[in-house]
Amino acid sequence: MPLGNERQSVQNPLIKYTAEINWTYITPDDALNWRCGETGLVFRDTFITQLQKLNAFMTQSLSEELLKKIETLPSNIEGNLSAWEYLKGLKQVFVPDEKRERNVRFIDTENIYNNTFHVTDEFSFTNGRKTIRADIVFLINGIPVFIAETKSAHKINGIAESLDQIRRYHNEVPEIMAILQIYALTHLIRYYYGATWNTIRKGLFNWKEEQEGDFETLVKSFFDKERIIRILNDFILFTRQDDELKKVVLRPHQMRAVQKIISRVEDKAKKRGLIWHTQGSGKTYTMIVAAKEIIENPLFDNPTVIMLIDRNELESQLFGNLSSVGYTQKELEEIEIQSKRDLQKALQEDKRGLIVSMIHKFEGMPENINTRDNIFVLVDEAHRTTGGKLGNYLMGALPNATYIGFTGTPIDKTSYGKGTFITFGIDDPPKGYLDKYGIAESIEDNTTVPLHYTLAPNELQVDKEVLNREFLELADAEGISDIEELNKVLERAVNLKNMLKKEERMEKIAKYVSDHFKEYVEPMGYKAFLVAVDREACTIYKRMLDKHLPVEYSKVIISPGFNDPVELSRFHLTEEEEKRIRVAFRKPDELPKILIVTEKLLTGFDAPILYCMYLDKPMRDHVLLQAIARVNRPYEDGESRKKPSGFILDFVGIFDNLEKALAFDSSDIKGIVHDIEILKTRFAELMEQAKSNYLRLIKDKSQDKAVEVVLNHFMDEETRHEFYTFFKEIADIYEILSPDAFLRPYINDYETLTRFYRILKEAYDPGISIDRDFLRKTVKLVQEHTESGAIKPALEIYEINEETLKKIEESKASDTEKIFNLIKSITKTIQENVDTSPYLISIGERAEEIARLFKERQLTTQKTLEELKKIIEEINSAKKEQIDKNMPVEVFATMWLFKKEGVVNAEENAIQMKKAFEQYPHWKTSEAHQREITKQFYKILVKAGIKNCVDIVKKVMRILTGRTR
């Protein structure tokens, strides 16, 4: 089987493997009939039959009413939420015979064999404006729930291309995406999946099983019927973050952890477990889904699940996420514990279901208040929550409960860490983890981004001896897991704190921060935290920053104190004001751009646009890991530009001695943060490789010859994609380092590489805006260097008219460059004129075929140029004829296409269609009108004695409705 054929090597095997695990394959033609044409979404008869099978009260009319509702959901994420609620059985329908509302089951989650599982391919759908043809669609009980896009294995950027396709479907045909819940992308080597209505790159997850890379195993494990039902029912979450609806599907490590937690709580012999999922990897969602599954599992005999947190802001965040698994506002009010007395009462009265509380409410709790063994306590931030007396009160009150701890940081090597191990990890020696998703793995999966740091100039750092004596070497500071404990340690570090708050030093730092932000961070489009040593220092930094940056650029967010002096109280914020600032900070085009903090927002606050942390507060161990993780969230802007990393600028000197600052096993924190000097070394290495592998190709060549050499050298797709991968790494590093003086000797060579990239993308991989591929600082560099250089900045575009061929003949460009110039020019002409001249689609398809043959070296340069010149002549001739004939657009296009297909009396036959087009004016958007137009075409062609009229009619209708192949 040829590796390069997408359908043969990827699409067909995927269908074959799912058929082997009992998904029933339906041909595209049968699928089209089952959903009553291209505007239909659901296998109608299957849907109605299954509805009536799963719901005894379901009548034919009720079934048809639900079918109509499903196919006319709002074409947005809110509609997709409604579809998901239908699939989960959360929606109700009024049953006239019973005069009441009844929940409707769309899927049987208890007996999966009661459901039908269908797979079909080449799934064409139109909303009248746009038409798509999805590679593979999976349907359960007649409802499309999964969509898969496949690419050939040799396409290195295949996954990116598939993701762009999924994004296009959301934009062009949101009606079908309103029902579909999951999308999958694969190019044989790897298999990725994500939630519909969440098409940013960080929402795309690599499905990994024991035999990673074995396509059959990947497909069969993912599309296992029980797993698919579970993903739909349990592992999709809709959340509202600051009033914005978002959708997520659990990542593989989250699904794995949920399964391990359920297995552990089923094990009567083991009552402890610790989940370490590194900061930013979604442990809150894991915790919520695990809680829901425990509560709903009949094996646990109506259990109690207690979710414990230790911060007010974490409590509000948790409640915001609990609604994503189906809890109503009323239910949330019932499970929230307001006071110690309420908690004691709930436990004494043997409350079942979910309880959410903060750990401090267990203080003074009587022993053995509830001795049931089907109580399950899920403890967030376990490394700090259950230490000392509070942990003793908790476990004394619930002696037979099972305790599962969740942490975003590993077990430390101090006495605190030993306590965490004894409390939660004792059943999982030697490391103590029931499940682990470490830092290196999360970066590899793109769950988090790498972190880099640099030290501020020595004169801005505090004295190292004082830092060591009063903080890093202090026994009390070891293993600190709570920022309030850290603040107490810093209060005693008198000399260190005085140094940090020295006015002259702070003035210099404020100037340094403002300059750095304007030169390095703001041009990237990102935002920053300035972390000060205490609340007073925050307010001082605000005053100083305002001297160098617009006042609205920065905001102070601190916790209010009861007796705060006016210098602090003027920065107090109401809950609503703080929420507004948080929301605005997360948005790229809104102010503020810098938040000045010391304690608040250093845990539990996710702002992917946050790139830089200016650190002027001594931290260590868990607190340091949690704080710097604020900048490790992936981010992708509206142009698909991705955040390359997070960055910490250290004004204290903590990162000068990371071994002391992070008391963890080295294997657990390997790769957490790297000195930015490593990036400079890597950039220099890559530029040397560029000289020997790429830049030498155009040495001593004129600009025109340079273009020809580049186009010919990279004609092979694999060679080209190797260069793309190489360039992307250099571009990411350039974005981080620029405008560092280190880069100056490399600027001209780097700019030449950007021209290589642009020319190759325009010639061989058109369709996506090249500027979208460039990060912001590279875009600026390209804009500043438009003409001079070792190679042309871009391919030329000709306006196609009577003068075009003459310009081509006079051009000094090589024949190879002329070919790509013409291909680009033809494509642009067709895109701009397709509405008024739809017949151009047919010409464009021929041009694409000529280009393909040339790129695959099946046509010579000379022959390709000749064929493209003929196409230019054909476009000009057709345009002239269209003006001369002065026919309606669709009539002229019909005549032109009839001629190309050899239909006799093409003009006369096309004119006969004029009346039909007028009689059925909505033929582009209405299937009924389209059928009438099609019938008329058949009448005319049969009467004209055309034998292959079916193929001709299909082609003409496809082109008239603007559908490309």
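The values are calculated or read from the model by the stated rules, or taken from the named source; none is laboratory data. What you see is a predicted model, and the numbers here were worked out from it, not measured in a lab. Heads up, the Cβs are rebuilt from the backbone with ideal geometry, glycines too, and the neighbour counts pull from every protein chain shown. Surface accessibility is based on the protein's heavy atoms, side chains included, excluding ligands, DNA and RNA. Shrake-Rupley method; radii C 1.70, N 1.55, O 1.52, S 1.80 Å.
Here are the numbers for the structure shown:
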{"read-out": "Residue list for segment 254-284, restricted to those being open to solvent by 30 Å² or more (accessible area, probe 1.4 Å), in contact with a Ser or Thr (Cβ under 8 Å, 6 or more places away or on another chain) and in a helix (DSSP H, G or I)", "value": "none"}
{"read-out": "Of all residues in segment 721-761 being over 20 Å from Arg696 (Cα atoms) and of a type in the set (Phe, Trp, Tyr), the one that is nearest to the chain's Cα centre (by Cα)", "value": "Tyr734"}
{"read-out": "Matching residues in segment 887-907 - criterion: being in a loop (DSSP other than H, G, I, E, B) and open to solvent by 40 Å² or more (accessible area, probe 1.4 Å)", "value": "Pro888, Glu901, Gly902, Val904, Asn905"}
{"read-out": "Residue pairs meeting the criteria (Cβ under 7 Å; at least 6 apart or on separate chains; first over 23 Å from Cys612 (Cβ atoms), in segment 571-586; second open to solvent by 60 Å² or more (accessible area, probe 1.4 Å))", "value": "His572/Pro560"}
{"read-out": "Where a residue in segment 683-707 is at pLDDT below 95 and its partner, wherever it lies, is of a type in the set (Lys, Arg) and in a loop (DSSP other than H, G, I, E, B), with Cβ under 8 Å and at least six apart", "value": "Gln703/Lys792; Asp704/Lys792; Asp704/Lys812; Ala706/Lys792; Val707/Lys792"}
{"read-out": "Residue count, segment 180-202 (criterion: in a loop (DSSP other than H, G, I, E, B) and basic (Lys, Arg))", "value": "1"}
{"read-out": "Looking only at segment 910-964, and only at residues there that are in a helix (DSSP H, G or I) and among the hydroxyl-bearing types (Ser, Thr, Tyr), the one that is least open to solvent (accessible area, probe 1.4 Å)", "value": "Thr934"}
{"read-out": "Answer from Glu567, Glu576, Glu504 - the residue that is charged (D, E, K, R) and over 30 Å from Glu470 (Cβ atoms)", "value": "Glu576"}
{"read-out": "Complete set of residues in segment 785-822 that are modelled with pLDDT under 75 and either assigned to a helix (DSSP H, G or I) or on the phi > 0 side of the Ramachandran plot (or both)", "value": "Gly789"}
{"read-out": "Residues that are open to solvent by 70 Å² or more (accessible area, probe 1.4 Å) and outside any strand (DSSP E or B), drawn from segment 75-93", "value": "Glu78, Leu90"}
{"read-out": "Scan of segment 859-886 for residues that are open to solvent by less than 70 Å² (accessible area, probe 1.4 Å), touching a residue at least 24 places away in the same chain (Cβ under 8 Å), over 16 Å from Ile841 (Cα atoms) and not hydrophobic (A, V, I, L, M, F, W, C), ordered by number", "value": "Thr861, Thr864, Lys869"}
{"read-out": "Flag if Lys246 is closer than 20 Å to Ser82 by Cα and charged (D, E, K, R)", "value": "yes"}
{"read-out": "Residue count for segment 708-721, restricted to those that are surrounded by fewer than 16 Cβ atoms within 10 Å (Cβ to Cβ) and in contact (Cβ under 8 Å) with a residue 12 or more places away in the chain", "value": "2"}
{"read-out": "Every residue from segment 489-517 that is among the polar types (S, T, N, Q) and open to solvent by 10 Å² or more (accessible area, probe 1.4 Å)", "value": "Asn495, Asn498"}
{"read-out": "Among (1) under 28 Å from the mean Cα position of the chain (by Cα); (2) at pLDDT below 95, the one test that Asn111 misses", "value": "(1)"}
{"read-out": "Inter-residue pairs, beta-carbon under 7 Å, first assigned to a helix (DSSP H, G or I) and in segment 732-748, second open to solvent by 40 Å² or more (accessible area, probe 1.4 Å), 6+ apart", "value": "Ile733/Arg682"}
{"read-out": "Selection from segment 94-113 of residues that are surrounded by fewer than 19 Cβ atoms within 10 Å (Cβ to Cβ) and hydrophobic (A, V, I, L, M, F, W, C)", "value": "Phe94, Val95, Ile112"}
{"read-out": "Segment 141-163 - residue that is in contact with a Ser or Thr (Cβ under 6 Å, 6 or more places away or on another chain), within 26 Å of Trp84 (Cα to Cα) and of a type outside the set (S, T, N, Q) and, of those, modelled with the highest pLDDT", "value": "Gly142"}
{"read-out": "Qualifying residue in segment 210-222 (condition: out of contact with any helix residue (DSSP H, G or I) (no Cβ under 8 Å at 6 or more places or on another chain) and on the phi > 0 side of the Ramachandran plot)", "value": "yes"}
{"read-out": "Within segment 560-575, considering residues that are touching a helix residue (DSSP H, G or I) at 6+ places or on another chain (Cβ under 9 Å) and surrounded by 14 or more Cβ atoms within 10 Å (Cβ to Cβ), the one farthest from Phe605 (Cα to Cα)", "value": "Asp564"}
{"read-out": "Selected residue (criterion: surrounded by the fewest Cβ atoms within 10 Å (Cβ to Cβ)) from residues of segment 828-858 that are touching a residue at least 40 places away in the same chain (Cβ under 8 Å) and farther than 23 Å from Leu760 by Cα", "value": "Asp835"}
{"read-out": "From the options Glu677, Glu688, residue that is more than 30 Å from the chain's Cα centre (by Cα) and open to solvent by 20 Å² or more (accessible area, probe 1.4 Å)", "value": "Glu688"}
